[in-house]
Amino acid sequence: MVSLGYTGLFIMCFLAATILPFSSEAVLSGLILLDYNATICIIVATIGNWLGSMSSYALGYWGDIKRIENWLRIKPERTEKFNAYAKKYGIWLGFFSWVPGIGDVISVCLGLVRTPIIPTTILIFLGKLLRYLVWAWLTIYAKG
């Protein structure tokens, strides 16, 4: 995907925010190491990953809880536990949708419990942006 430049970065970041196991960070680092503009890389990665998370949020929002539990192989007890977290912490969980392994599930579950879309969207975006800012900085720092 590195050979596709910014387009490949966008595609990988979008897919990485769904339940597909891709490493968007590797593509981001690859492009930065190939001297692509780091600012543009961060913007493209953030927007792609944010849109991927929002598609997961929409899946939960418009989806059927039982089908989603079956599809993601989530036990109903875990869904109930997350619902309790969502009621307690609400939209703030959106900030952590960048966390590998659970971020995709967070986005789907936030849709399932129908958190308010505007603040949820903003927090998901900020979490993704911070993640890529830190990752890009680490890549640039390691590059020397």
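How many of the residues in segment 107-144 are farther than 19 Å from residue 81 by Cα, in a loop (DSSP other than H, G, I, E, B) and either open to solvent by less than 40 Å² (accessible area, probe 1.4 Å) or in contact (Cβ under 8 Å) with a residue 12 or more places away in the chain (or both)?
1
Among the residues in segment 63-78, are any polar (S, T, N, Q) and more than 13 Å from residue 17 (Cβ to Cβ)?
So far as segment 63-78 goes, yes, one or more of its residues are polar (S, T, N, Q) and more than 13 Å from residue 17 (Cβ to Cβ).
Going through segment 24-53 one residue at a time, which ones are polar (S, T, N, Q) and over 19 Å from residue 143 (Cα atoms)?
Listed by number, the residues that qualify are 46, 49, 53.
Farther than 21 Å from residue 125 by Cα and open to solvent by less than 70 Å² (accessible area, probe 1.4 Å): is that true of residue 65 in this structure?
Yes; evaluated as a whole, the condition is true for this residue.
Restricting to segment 68-109, give me the number of residues that are among the aromatic types (Phe, Trp, Tyr) and over 21 Å from residue 127 (Cβ atoms).
First pass over segment 68-109, keeping only residues among the aromatic types (Phe, Trp, Tyr): 71, 82, 85, 89, 92, 95-96, 98.
From what is left, the residues that are over 21 Å from residue 127 (Cβ atoms) are 71.
So the count comes out to 1.
Restricting to segment 86-106, give me the number of residues that are modelled with pLDDT of 90 or more and open to solvent by less than 10 Å² (accessible area, probe 1.4 Å).
Count: 2.
Please determine, by comparing only the residues of segment 1-33 that are of a type in the set (Ser, Thr, Tyr), part of a helix (DSSP H, G or I) and open to solvent by less than 60 Å² (accessible area, probe 1.4 Å), which one is modelled with the highest pLDDT.
29
For residue 36, only one of the following conditions fails: (1) outside any helix (DSSP H, G or I); (2) crowded, with 18+ Cβ neighbours inside 10 Å. What is its number?
With (1) outside any helix (DSSP H, G or I); (2) crowded, with 18+ Cβ neighbours inside 10 Å applied to residue 36, the lone miss is (2).
Within segment 57-64, can one find any residue that is modelled with pLDDT under 95 and touching a Lys or Arg at 6+ places or on another chain (Cβ under 9 Å)?
Within segment 57-64 (the criterion being modelled with pLDDT under 95 and touching a Lys or Arg at 6+ places or on another chain (Cβ under 9 Å)), the answer is yes, since at least one residue qualifies.
The values are calculated or read from the model by the stated rules, or taken from the named source; none is laboratory data. It should be emphasised that the depicted structure is a prediction, and the values quoted were computed from it without experimental measurement. Because the Cβ atoms are built from the backbone with ideal geometry, glycine has one as well, and the counts that use them run over all protein chains shown. We work out accessible area using only protein heavy atoms, side chains counted, and drop any ligands, DNA or RNA first. Shrake-Rupley method; radii C 1.70, N 1.55, O 1.52, S 1.80 Å.
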